[in-house]
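Undergrad: Mind looking over this structure? Questions follow.
The values are calculated or read from the model by the stated rules, or taken from the named source; none is laboratory data. These numbers were taken from a predicted model, which means no experiment stands behind them. Ideal geometry is used to build each Cβ from the backbone, glycine not excepted, and the neighbour counts take in all protein chains shown. To get the accessible areas, we keep the full protein, side chains included, count just its heavy atoms, and leave off ligands, DNA and RNA. Shrake-Rupley method; radii C 1.70, N 1.55, O 1.52, S 1.80 Å.
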Amino acid sequence: MTTTTEEPTITTAASLAYAEDFMSEDDHLAAARRRSDEVGVIPVGPGGGAALSFLASVVQAKAVAEIGTGTGVSGLWLLRGMQPDGVLTSVDLEAEHQRLARETFTDAGYAPQRFRLIAGAGLDVMPRLTDAGYDVVFLDGDKVEYGEYLDQAMRLVRPGGVIVFDNALWHDRVADPAQRDPETSAIRDVVQRVKNDERLRSVLLPLGDGLLAAQLLT
């Protein structure tokens, strides 16, 4: 219990870094990050990855859909939180990225039946996925399309399941009303939609570039 009249806040970069690195990453995640650097992909940070794993574990996820495979950093975190028979479905435009993600998952000991990699645009693939068929839907694709991703995710996630957006603070731009570029505006709109939707229980976490998580209540 605090005795000050001011709201407690994180005020230093050191505290943010401490939270981000709270869960350390092993050699498999380090290798996936090296692959990301090689192809110019920016994956979810360690803090965001740990949060994804935690959420997948809490909802006992057996089916997870991911938009934005990258080289498998977020997917590996998700797989580690899922049930032993769970299946990750991951979508990405770049087949080469998915080849590297397959290496990540295989090297980490996951059998081929534990993940399904689909090459294609998120908004082309998502309509083909099963209604209410997923415990977690993680969205890290084209930021301009975040509003449409939310529409699709609301259909795909089961009641009690969780929708998660990466880059919810978008390089500190979302909190600055003067920033009105298409990506920032789209993310800001999604944050407000999620916040105001009575069907969702949500939280905005200041990990990495921001992680917006929402549970579908009904």
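Undergrad: Roughly speaking, to the nearest percent, how much of the chain's 1.4 Å accessible area is carbon and sulfur?
TA: Numbers: 5840 of 11050 Å².
About 53 percent, which is the carbon plus sulfur part of the accessible surface.
Undergrad: Where both residues lie in the chain, what percent of DSSP beta bridges are antiparallel, nearest 5?
TA: Working: 11 of 30 bridges.
In the chain, DSSP labels about 35 percent of beta bridges as antiparallel.
Undergrad: Sticking with this one: Please label the shape of the chain as rounded, prolate or oblate, based on the square roots a ≥ b ≥ c of the eigenvalues of the alpha-carbon gyration tensor (a/c under 1.5 means rounded; beyond that, a/b larger than b/c means prolate, else oblate). Write down the numbers at each step before the final one.
TA: Numbers: a/c = 1.45, a/b = 1.24, b/c = 1.17.
Judged from the Cα gyration tensor, the chain comes out rounded (a/c under 1.5).
Undergrad: Just want to confirm a number: the relative contact order over the chain, from Cα pairs under 8 angstrom separated by 6+ residues, in percent. All intermediate terms of the calculation are to be shown ahead of the outcome.
TA: Details: 406 pairs, mean separation 38.2, N = 218.
Here the relative contact order equals 18 percent.
Undergrad: Still on this model: With every protein chain present, what is the per residue accessible area of the chain (1.4 Å probe, Å²)? Let's see the in-between values first.
TA: Numbers: 11050 Å² over 218 residues.
For the chain, the per-residue accessible area is 51 Å².
Undergrad: Rounded to the nearest 20 Debye, what is the dipole magnitude of the range 24-124 about its Cα centre when Lys and Arg each give +1 and Asp and Glu each give -1 at the C-beta?
TA: Numbers: 9 positive and 13 negative charges, 54 e Å.
Roughly 260 debye, rounded to the nearest 20.
Undergrad: Tell me the accessible surface of TRP77 in square angstrom (1.4 angstrom probe, heavy atoms of protein chains only), to the nearest ten.
TA: Surface accessible to solvent at TRP77 totals approximately 20 Å².
Undergrad: Ordered by packing density, taken as the mean number of other Cβ atoms within 10 Å over each peptide's residues, highest first, how do 141-152, 63-74, 23-34 rank?
TA: On the way: 141-152: 19.0, 63-74: 28.2, 23-34: 15.8.
Order by mean packing, descending: 63-74, 141-152, 23-34.
Undergrad: Fully extended, how many nm does the chain gain between PHE22 and VAL39 (0.36 nm per residue separation, minus their Cα-Cα distance)?
TA: Numbers: separation 17, 0.36 × 17 = 6.12 nm, distance 2.66 nm.
Contour length minus Cα-Cα distance gives 3.5 nm.
Undergrad: Continuing with this model, one more query. Calculate the dipole size of the chain relative to its Cα centre from +1 charges on Lys and Arg beta carbons and -1 charges on Asp and Glu beta carbons; express the result in debye to the nearest 20. Before the final figure, lay out each step's value.
TA: Numbers: 20 positive and 33 negative charges, 136 e Å.
Charge dipole of the chain: 660 debye, to the nearest 20.
Undergrad: For the range 80-159, what does the relative contact order come out to in percent, with C-alpha contacts under 8 Å and a separation of six or more? Write down the numbers at each step before the final one.
TA: Values: 74 pairs, mean separation 24.8, N = 80.
Relative contact order here is 31 percent.
Undergrad: A follow-up question, please. For a test of the definition: using alpha carbon positions, the gyration tensor, and the 1.5 limit on a/c, classify the range 77-201 as rounded, prolate or oblate. Intermediate results must be reported in sequence, preceding the final value.
TA: Values: a/c = 2.02, a/b = 1.52, b/c = 1.32.
Since a/c reaches 1.5 and a/b is larger than b/c, the shape of the range 77-201 is classed as prolate.
Undergrad: Please work out the FRET efficiency for the pair ALA111 and ALA132, using the Cβ-Cβ distance as r and a Förster radius of 22 Å; give the result to the nearest 0.05. Before the final figure, lay out each step's value.
TA: Numbers: r = 26 Å, r/R0 = 1.18.
E between ALA111 and ALA132, to the nearest 0.05, is 0.25.
Undergrad: Whole-Hz ³J(HN,Hα) for each residue in the range 25-39, computed from phi via Karplus 6.51 cos²θ - 1.76 cosθ + 1.60 with θ = phi - 60°, x for glycine and proline: what do you get?
TA: So the J values, rounded to whole Hz, are 9, 8, 5, 5, 5, 4, 5, 5, 5, 5, 4, 4, 4, 5, 9.
Undergrad: Working out 0.36 nm times the residue gap between ARG180 and LYS195, then minus their Cα-Cα distance, what length gain in nm do you get to one decimal?
TA: On the way: separation 15, 0.36 × 15 = 5.40 nm, distance 1.96 nm.
Roughly 3.4 nm would be gained on extension.
Undergrad: Spelling out what I want: for every residue of the range 109-118, take phi, set θ = phi - 60°, compute 6.51 cos²θ - 1.76 cosθ + 1.60 (Karplus), and round to whole Hz; glycine and proline get x.
TA: x, 8, 5, x, 6, 7, 9, 10, 9, 10
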